[in-house]
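What follows is a single structure, written as structure tokens, with notes after it.
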Amino acid sequence: MKHYTITEYQPGYQPAYLSNGVIGLRMGKFPFERGTVLVNGFFGTSPEKGCEEQAECPWVLGWDCHFGTAALSARPDMATFESQSHDFATGELTTLFRIGSGNDSIRAEVRTWCSRTQPTVIVQETTFTAESAVEFVFETAVELRGCDGRLAYQCRPGRGSDGIALWESRGARSTLGIAYVTESPDLDKTASRRNAFGHEADRQLTNYTIKLTPGASCRIRTVVSLVPGILHDEPHWQAHRMLAIAEWRTVDGMREENHRAWADLWKSRVRIESDMPHIQDAADAAFYYLNSTVHPASPCSIAPFGLGQRRLYSGHVFWDCETFMYPPVLFAQPDAAKAMLDYRIRCLPRAADNARLQGYRGLQFPWQSGLSGAEVTPFYATGCVIEHHINMDVALAFAQYVYATGDEIFFREKAWPVLQGVAEWIVSRVTKTARGYEIKHVTGIDESRDNVDNSAYTNMAAIVVLRIACEFAARLGYPEPAAWRAIERGMVLPMVPGTNIINQHDGYVQGDGMCSPDTMAGFFPYGYSHSPAVDEATARHHIKYADTYLGMPMLSSSYGVWACQWGERGLARKFFEKGISRFRVDPYHQFSEMSPDAKKNFLGSPVTDAVFLTNPGGFLMALVMGLPGMRLSAGAPETWFEKPVVLPDGWKEIAIDRVVIRGEERTLVARHG
């Protein structure tokens, strides 16, 4: 796996992103610079938007050194950067730097990681090596200052933890339990340790007075547990208990467990045999960032930017989750994929409420969902509230889980209620006209055109979901509701007049600007097919306009699949180059929402925002399902592949050593031809 090392930290670099699906960290050049930490399920009230959003947590990895009266955090010029390494094989970030100069310097090595086997735990280990006799004070702290929220409780228990805190988010929407402990296997008698509150109790800190002789080294470990209140009524005490478990397992033991967990996960790596080695790098980065951000313990699914930031999209759950990020996770981490769906199950009462509020029956999943599953779309984005295709996107994800896992209990107890609820919503949502069944006043994937009639993607998705709902009803021995089949057969699909091209929506006219491939998303990833003539005419129309869209989020990597489906191997190669490679951001190959060129053209600014996980999710979905031609169904897995494999020009094979299908570990190999 990739091990990226930089020896010069350039201005504008995106900070490293570490996560285990419950905790997300962003860490910059030096550990004494404050980073950010987000916890899945910890939400507050946005001071700018006034609605619910993911809340930033107190910085729990406060790090500083004091030399006499000089603090490194106040004198960053005392530090000289040497290197920083991000190891994708183990999820570890290691930073090396010197403090001081010449023979009076100390070398510091700081290694940080989030545990996948103990998902509430972060570990940071600092090793100091003296080049001359030195005495200094090392400080680790939980920084409560500068974090929007309220300290509800804190204490220093005296055993098991250095400090415990209960933090309440702005607006008191949720709580977070924090506990931390430090240990040093090397400083039993040479260190003076002090544990205290500081700065009028807005910090919890532990100090070590360290004396080292030339060439001597010492290690200090900080172990932190963060527990969101949605998982425990007293999360601060549970965080303390989690530290006790961590102590029993030991830091070294947890690190070995973490390495084994990552080694096991990498068995599902997507390998591409081609003459484009940077495409393999992109696939590895996509796999790493997406799979590091999901976990069976995640209570609130996954946001477009994961646990990397909350400023954009507020940490809400969108259609991005089920449509782009969920499918590749389903075959690598089926338990984590199930956790994404369990979030929707927990939120079903709010989906039913959302439908009732708008005069519909069944279930209507919100466009933006947060802690409880209620609609939390901000006031300035109301056009998206009618982006109702999300309902079918969620329903399809439940069907895909049934097909991929064969879990009969899940099918009966969880998937069927969702498919039935969404099918009933479709019945109450359509309008019967002389044309057939129409869905009016809706927004499609192209959000620049809201409040349209008969969004092609929305209507195609409704057709597919109604077919699956009828199939599920038959499997359960229930009579098929007549309305479901009638709407599935009579749903209106808008056509470009005088052609075989499915139009984006009623009245849409393609101008000189961007052509959003809404309709093509109905074919892949959704799996709809109209007829050979219409499918081909629609695909070739959108392939012709690909350059107007490539570099935009979500669907750019799908162009390579669409091109291959119609034998355009050369175009597919170009589309993957522009549709995923240009999204990667230095130094650690994170993914931006738009490519720099597209963002400059679309928003007037090339500034990059990372880590946007929808794009790597869509890319992995293209590799795992799109190019191999996988179409899930109730049939045997061998029947999911109906057509010869067509790969981009210069690609020979896509191979995955382990895909988990119906409880068995299988190998997937897709060779061109």
Next item on the list: Would you calculate, for the chain, the mean residue ellipticity at 222 nm contributed by helices, counting each DSSP H stretch of 4 or more residues as -39,500 (n - 2.57) and dividing by all residues, to the nearest 500?
Entry: -8500 deg cm²/dmol
Check: At His441 and Glu33, where each label point lies 7 Å from the Cα along Cα→Cβ, what is the point-to-point distance in nanometres?
Finding: 5.0
Next item on the list: Rounded, prolate or oblate: pick one for the stretch 1-100, where a ≥ b ≥ c are the square roots of the eigenvalues of its C-alpha gyration tensor, a/c under 1.5 means rounded, and failing that, prolate if a/b is larger than b/c, else oblate.
Entry: oblate
Notebook entry, point to check: For Thr431 and Asp512, what is the calculated FRET efficiency with R₀ set at 45 Å and r taken between the beta-carbons, to the nearest 0.05?
Noted result: 0.85
Item checked: Per-selection Rg to Rh, the stretch 92-171 - Cα, Kirkwood hydrodynamic radius -> 1.07
Next item on the list: Provide the FRET efficiency to the nearest 0.05 for the Glu48-Thr209 pair, computing r from the beta carbons and using R0 = 35 Å.
Entry: 0.20
Notebook entry, point to check: Could you work out Rg/(2.2 N^0.38 Å) for the stretch 1-60, with Rg from alpha carbons only?
Noted result: 1.38
Notebook entry, point to check: With each pseudo-label sitting 7 Å past Cα toward Cβ, what's the Thr80-Tyr545 distance in nm, one decimal?
Noted result: 5.8
Margin query: Please list, by residue number, everything in the stretch 624-646 whose backbone N is under 14 Å from a paramagnetic label point 7 Å out along Cα→Cβ of Arg271.
Written below: none
Check: Given charges of +1 on the Cβ of Lys and Arg and -1 on the Cβ of Asp and Glu, with all other atoms neutral, how large is the dipole of the chain about its Cα centre, in debye to the nearest 20?
Finding: 600
Notebook entry, point to check: Which GluC sites (Glu not before Pro) in the stretch 422-526 pass both tests, a DSSP loop state and at most 15 other beta-carbon atoms within 10 Å?
Noted result: Glu447
Check: For the stretch 271-376, which whole percent of the accessible surface, found with a 1.4 angstrom probe, sits on carbon and sulfur atoms?
Finding: 55
Notebook entry, point to check: If R0 is 45 Å, what FRET efficiency do you get for Trp566 and Thr117 from their C-beta distance, rounded to 0.05?
Noted result: 0.50
Notebook entry, point to check: Based on Cα positions only, what radius of gyration and what Dmax would you give for the stretch 442-553, in angstroms?
Noted result: 15.3, 52
Note to self: Relative contact order of the stretch 343-383, please, whole-number percent, based on alpha carbon pairs below 8 angstrom and at least 6 residues apart.
What the structure shows: 33
Check: What ranking of Lys652, Lys2, Lys643 comes out by heavy-atom accessible area, probe 1.4 Å, highest first?
Finding: Lys643, Lys652, Lys2
Notebook entry, point to check: In nm, to one decimal, how far is the Val534 label point from the Leu348 one, both placed 7 Å along Cα→Cβ?
Noted result: 3.3
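At 25 °C and 0.890 mPa s, grab the translational diffusion coefficient of the chain from Stokes-Einstein with a Kirkwood Rh over Cα pairs, rounded to a whole number in µm² per second.
Answer from the Stokes-Einstein relation: 93 µm²/s.
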Item checked: Farthest toward positive dipole pole in the stretch 436-563 [+1 Lys/Arg, -1 Asp/Glu at C-beta], among Ala474, Met460, Ile543 -> Ala474
Item checked: Value of relative contact order over the chain, rounded to a whole percent, pairs C-alpha under 8 Å and six or more apart -> 12
Notebook entry, point to check: Under 19 Å from the Cα of Lys440, which lysines turn up, not counting those fewer than eight places away in the same chain?
Noted result: Lys432
Next item on the list: With 10 Å bins from zero, work out the P(r) of the stretch 543-673 over every alpha carbon pair and list the percent per bin.
Entry: 13, 38, 32, 15, 3
Check: Expressed in nm to one decimal, what extension gain is obtained for the pair Thr250 and Ala263 from 0.36 nm per residue of sequence separation less their Cα-Cα distance?
Finding: 2.7 nm
Item checked: Shape call, the stretch 262-315: gyration tensor on alpha carbons, a/c limit 1.5 -> oblate
Margin query: Tell me which DSSP H helices of the chain clear both cut-offs, 27 Å or more of axial length from alpha-carbon atoms and a mean Kyte-Doolittle hydropathy of at least 0.5.
Written below: 456-475
Check: If amide H atoms are built 1.01 Å from N in the plane of the peptide, which residues on other chains or at least 5 residues away come under 5 Å of the amide H of His530?
Finding: Asp535
Next item on the list: Please calculate how many Å² of accessible area the chain carries per residue, with a 1.4 Å probe and no DNA, RNA or ligand atoms counted.
Entry: 37
Next item on the list: Report Ile445's accessible area, 1.4 Å probe, all protein chains in place, as a number in Å² to the nearest 10.
Entry: 20
Notebook entry, point to check: For the stretch 502-552, what class follows from the C-alpha gyration tensor (a ≥ b ≥ c being the square roots of its eigenvalues): rounded when a/c is under 1.5, otherwise prolate if a/b is larger than b/c, else oblate?
Noted result: prolate
Item checked: P(r) histogram, all alpha-carbon pairs of the stretch 406-453 included - 5 Å bins from 0, percent -> 5, 17, 16, 16, 16, 12, 11, 7, 1
Notebook entry, point to check: Given the Cα-Cα distance of Ala133 and Arg159 and 0.36 nm per residue of separation, how much length would full extension add, in nm?
Noted result: 6.1 nm
Next item on the list: Select from Trp113, His86, Phe97 the residue farthest towards the positive end of the dipole of the stretch 85-161; place +1 on Cβ of Lys and Arg, -1 on Cβ of Asp and Glu, and compute about the Cα centre.
Entry: Trp113
Margin query: Less than 16 Å apart at the alpha-carbon level, and either on another chain or at least 8 residues along: which aspartates and glutamates does that give for Lys574?
Written below: Asp275, Asp547, Asp597, Asp649
Notebook entry, point to check: How much length, in nm to one decimal, is gained on full extension between Thr382 and Lys643, taken as 0.36 nm per residue of separation minus their Cα-Cα distance?
Noted result: 89.8 nm
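The values are calculated or read from the model by the stated rules, or taken from the named source; none is laboratory data. Every value quoted in this text rests on a predicted model; they were computed, and no experiment measured them. Note that we place each Cβ from the backbone using ideal geometry, even for glycine, and neighbour counts take in every protein chain shown. Ligands, DNA and RNA are stripped out before the accessible areas are found, and what is left, the full protein with its side chains, is counted by its heavy atoms. Shrake-Rupley method; radii C 1.70, N 1.55, O 1.52, S 1.80 Å.
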